[in-house]
1. Exactly one condition in (1) modelled with pLDDT of 95 or more; (2) surrounded by fewer than 13 Cβ atoms within 10 Å (Cβ to Cβ) is not met by T49; state its number.
2. Considering only the range 2-22, state which residues are part of a loop (DSSP other than H, G, I, E, B) and either at positive phi or in contact with a Cys (Cβ under 7 Å, 6 or more places away or on another chain) (or both).
3. With the condition being under 24 Å from T13 (Cβ atoms) and in contact with a helix residue (DSSP H, G or I) (Cβ under 6 Å, 6 or more places away or on another chain), I'd like the strands (runs of 3 or more DSSP E) fully within the range 23-104 carrying at least 1 qualifying residues.
4. Residues L83, L66, L15: which one is touching a residue at least 60 places away in the same chain (Cβ under 8 Å) and out of contact with any Gly (no Cβ under 6 Å at 6 or more places or on another chain)?
5. Those residues that are of a type in the set (A, V, I, L, M, F, W, C) and either at pLDDT 85 or above or surrounded by 12 or more Cβ atoms within 10 Å (Cβ to Cβ) (or both), I need them from the range 72-84; list them, please.
6. When the residues of the range 13-72 are filtered to those that are out of contact with any Lys or Arg (no Cβ under 7 Å at 6 or more places or on another chain) and among the basic types (K, R), which remaining residue is farthest from T2 (Cα to Cα)?
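The values are calculated or read from the model by the stated rules, or taken from the named source; none is laboratory data. As the structure is a prediction and not an experimental result, all values here were calculated from the model. When we count neighbours, we look across all protein chains shown, and the Cβ atoms used for this are built from the backbone with ideal geometry, even at glycine.
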Amino acid sequence: MTLTCNITARDPTNLLFAFYRDGEMVQGFSSSNKYRVQAAKLENSGNYTCEVRTSNNNVKKKSRVLHIPIIGPTSQTYWQTILITCLSVLLLIVVILAFVFRHKLVQALRKQYRYQPKR
């Protein structure tokens, strides 16, 4: 997730930007007008603002509040994942048992036909 603070200014080279979430500073003043979160998590949800100031602190401006909700997996998705995993494991067990049973059956049939008593 990347937030960008855009401003129209006469001299944009002397501007410093800071970002806040729910009133707490998450990125201190720097020349970058971007705030990046590599992998957004639920705790990154909140009300974001950007503050801009000149390097000599003469002018300060604050952006409007931007509410960003981060939505995590639902409990339904969680249970679907568990169900699919369990069914996959069960299917694997059935396939292995079928293979073992077939292998033993073939061995038994070979043994039976190989050692048949002569009449």
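1. (2)
2. Matches in the range 2-22: C5, D22.
3. Where strands (runs of 3 or more DSSP E) fall fully within the range 23-104 and carry at least 1 residues being under 24 Å from T13 (Cβ atoms) and in contact with a helix residue (DSSP H, G or I) (Cβ under 6 Å, 6 or more places away or on another chain), they are 46-54.
4. L66
5. Of everything in the range 72-84, those that are of a type in the set (A, V, I, L, M, F, W, C) and either at pLDDT 85 or above or surrounded by 12 or more Cβ atoms within 10 Å (Cβ to Cβ) (or both) turn out to be I82, L83, I84.
6. Per the stated criteria, the residue is K61.
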